[in-house]
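A.B. asks: Quick one: the structure is below, and I'll ask about it shortly.
The values are calculated or read from the model by the stated rules, or taken from the named source; none is laboratory data. Being a predicted model, the structure only gives us computed values, none of them experimental. Here the Cβ is made from the backbone with ideal geometry for all residues, glycine too, and neighbour counts use every protein chain on show.
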Amino acid sequence: MLILIAEDDELILRTIEHKLIKEGHTVILTRNGKEAIEKISELDLDLVVTDIMMPFASGIEILSAMHTIGKKIPVIVLSSMGQEEVVTDAFDLGASDFMVKPFSPNELLLRIKRLTGK
């Protein structure tokens with residue numbers, strides 16, 4: 001399965017990458033929203049895991065761009081902000097799931113399996 005991770009925190013990015021590769025997934029890493037939108041446009045992804053607060057474009061902007069270009073793939077949104085408005089905005093724009101940081105990498109894997117059936 002091809003999974004894009006959009007996260008500007010290097011430790012979180014590498015932790016997710018390690019866990020997903022260990023489970024046999026192929027991982028594309030992006031460290032800002034602009035790069036994530038470019039990769040989402042170019043690639044045939046199975047899932048996106050994105051942070052909300054990132055340089056150049058937020059996770060909300062990524063969701064909006066995906067809607068605009070017609071990409072209908074599962075998206076798990078990560079955020080250290082547990083604000084109800086952010087969660088609502090993410091779901092309104094098509095997010096499939098939302099996790100508040102800090103989170104368990106094992107729980108992330110379970111949610112990925114639930115969303116993709118893989």
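A.B. asks: So the check is Cβ under 8 Å with 6+ separation or different chains; which pairs have a first residue in region 1-16 that's surrounded by fewer than 19 Cβ atoms within 10 Å (Cβ to Cβ) and a second one that's part of a helix (DSSP H, G or I)?
C.D. replies: Filtered contacts from region 1-16: M1/T116; T15/P105.
A.B. asks: Which residues, counting only those in region 20-56, are among the hydrophobic types (A, V, I, L, M, F, W, C), within 11 Å of D8 (Cβ to Cβ) and in a loop (DSSP other than H, G, I, E, B)?
C.D. replies: Once the filter is applied, which keeps residues that are among the hydrophobic types (A, V, I, L, M, F, W, C), within 11 Å of D8 (Cβ to Cβ) and in a loop (DSSP other than H, G, I, E, B), region 20-56 yields I52, M53, M54, F56.
A.B. asks: Take E84 and tell me if it is modelled with pLDDT of 95 or more and more than 14 Å from E7 (Cβ to Cβ).
C.D. replies: In short, no.
Every residue, every condition in (1) farther than 25 Å from H25 by Cα; (2) hydroxyl-bearing (S, T, Y), yes or no:
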site	(1), (2)
E42	no, no
S58	no, yes
L63	no, no
G70	no, no
P74	no, no
D89	yes, no
D92	yes, no
V100	no, no
N106	no, no
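Let's see how each residue does on (1) touching a strand residue (DSSP E or B) at 6+ places or on another chain (Cβ under 8 Å); (2) modelled with pLDDT of 95 or more:
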site	(1), (2)
I3	yes, yes
E7	yes, yes
G33	yes, yes
A36	yes, yes
F56	no, yes
G59	yes, no
I62	yes, yes
S96	yes, yes
P102	no, no
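A.B. asks: Considering region 38-54 alone, what residues qualify as being modelled with pLDDT under 95 and either of a type in the set (V, I, T) or crowded, with 17+ Cβ neighbours inside 10 Å (or both)?
C.D. replies: D51, I52, M54
A.B. asks: Could you go through region 74-86 and let me know if any residue there is among the charged types (D, E, K, R), farther than 22 Å from I12 by Cα and assigned to a loop (DSSP other than H, G, I, E, B).
C.D. replies: No - not one qualifying residue is present in region 74-86.
A.B. asks: Can you find, within region 19-36, the residue that is farthest from the chain's Cα centre (by Cα) among those that are within 12 Å of L108 (Cβ to Cβ) and of a type outside the set (D, E, K, R)?
C.D. replies: Only one residue tops the list, namely H25.
A.B. asks: Considering only region 35-70, how many residues are touching a helix residue (DSSP H, G or I) at 6+ places or on another chain (Cβ under 9 Å) and either on the phi > 0 side of the Ramachandran plot or not aliphatic (A, V, I, L, M) (or both)?
C.D. replies: Summing the residues that are touching a helix residue (DSSP H, G or I) at 6+ places or on another chain (Cβ under 9 Å) and either on the phi > 0 side of the Ramachandran plot or not aliphatic (A, V, I, L, M) (or both) in region 35-70 gives 9.
A.B. asks: Is at least one residue of region 80-95 closer than 18 Å to T116 by Cβ, touching a Leu at 6+ places or on another chain (Cβ under 7 Å) and surrounded by fewer than 18 Cβ atoms within 10 Å (Cβ to Cβ)?
C.D. replies: Yes: region 80-95 contains one or more residues that are closer than 18 Å to T116 by Cβ, touching a Leu at 6+ places or on another chain (Cβ under 7 Å) and surrounded by fewer than 18 Cβ atoms within 10 Å (Cβ to Cβ).
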